[in-house]
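K.L.:
Sending over a structure as structure tokens; questions will come in a sec.
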Amino acid sequence: MKDSAYNFDPKELIREALSAMKRAYTPYSHFQVGAALLTKDGKIYQGCNIENAAYGPTNCAERTAFFRAVFEGERDFEAICVVGGKDGIPTSYAAPCGVCRQVMMEFCNPETFWIIIAMDEEHYSIHTLKELLPLGFGPDNLK
């Protein structure tokens, strides 16, 4: 179901994020995260978290989705959905970390980019990037 404030079906993105979560590589934390990134022209890029024994090189699902999309030439984004849970079972909301929010600031308008935080198709919340990263620093700050 679409809301008048946004032009997409959150449940479709939730399904895509849940599917992406199954591909997570999490041998250390066992906390799997999936993301589904929607472009303005309707393409969806999935991402999952990929852990590393050194921890620092670990990559979040949101950044995996963004980096895949940017590699493909995408620059205009509408929304992202994030789901996560221990052993792939969402039991609480997994909001994007600060680094992922900063990556979103690089490519998205904080007032019109939507972030869906979900457990399943019935339990989710939708926020703008500005709500989750007030006073964010982005490309416009460097002009």
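K.L.:
Does Phe107 satisfy the criteria of being in contact with a Cys (Cβ under 6 Å, 6 or more places away or on another chain) and closer than 23 Å to Asn7 by Cα? Explain how you work it out, then say what you get.
P.N.:
Numbers: in contact with a Cys (Cβ under 6 Å, 6 or more places away or on another chain): no; closer than 23 Å to Asn7 by Cα: yes.
No.
K.L.:
Moving on to the next point. When only residues in region 32-60 that are polar (S, T, N, Q) and not in a strand (DSSP E or B) count, which is surrounded by the most Cβ atoms within 10 Å (Cβ to Cβ)?
P.N.:
Applying the filter and picking the extreme gives Asn49.
K.L.:
List the residue pairs whose Cβ atoms are under 9 Å apart, where the first residue sits in region 117-143 and is aromatic (Phe, Trp, Tyr), the second is crowded, with 18+ Cβ neighbours inside 10 Å, and the two are 6 or more positions apart or on different chains.
P.N.:
Tyr124/Pro10; Tyr124/Ile14; Tyr124/Cys81; Tyr124/Val83; Tyr124/Ile116; Tyr124/Ile117; Tyr124/Ala118; Phe137/Met105
K.L.:
Going by the structure shown, is Ala69 hydrophobic (A, V, I, L, M, F, W, C), within 16 Å of Met104 (Cβ to Cβ) and touching a residue at least 40 places away in the same chain (Cβ under 8 Å)?
P.N.:
Criteria not met by Ala69.
K.L.:
Counting just the residues of region 1-30 that are aliphatic (A, V, I, L, M) and touching a strand residue (DSSP E or B) at 6+ places or on another chain (Cβ under 9 Å), which one comes out surrounded by the most Cβ atoms within 10 Å (Cβ to Cβ)?
P.N.:
Ala17
K.L.:
Pick from region 31-65 the residues that are of a type in the set (Phe, Trp, Tyr) and touching a strand residue (DSSP E or B) at 6+ places or on another chain (Cβ under 6 Å): which of them is farthest from Ala20 (Cα to Cα)?
P.N.:
Here the answer is Phe31.
K.L.:
Additional query: Residues of region 120-143 being surrounded by 12 or more Cβ atoms within 10 Å (Cβ to Cβ), out of contact with any helix residue (DSSP H, G or I) (no Cβ under 9 Å at 6 or more places or on another chain) and part of a loop (DSSP other than H, G, I, E, B), which ones?
P.N.:
Once the filter is applied, which keeps residues that are surrounded by 12 or more Cβ atoms within 10 Å (Cβ to Cβ), out of contact with any helix residue (DSSP H, G or I) (no Cβ under 9 Å at 6 or more places or on another chain) and part of a loop (DSSP other than H, G, I, E, B), region 120-143 yields only His123.
K.L.:
Looking only at residues that are in contact with a helix residue (DSSP H, G or I) (Cβ under 8 Å, 6 or more places away or on another chain) and under 17 Å from Glu16 (Cα atoms) in region 91-113, which one is surrounded by the most Cβ atoms within 10 Å (Cβ to Cβ)?
P.N.:
Across region 91-113, the extreme among qualifying residues is Pro96.
K.L.:
In the list Arg68, Arg63, which residue meets the criterion of being assigned to a helix (DSSP H, G or I), of a type outside the set (Asp, Glu) and under 16 Å from Ala94 (Cα atoms)?
P.N.:
Within the list Arg68, Arg63, the selection yields Arg63.
Values in this text are rule-based calculations from the coordinates and carry no lab data. What you see is a predicted model; the values in this text were computed from it and never measured. Cβ coordinates were reconstructed from backbone atoms using ideal geometry, including for glycine residues, and neighbour counts include every protein chain displayed.
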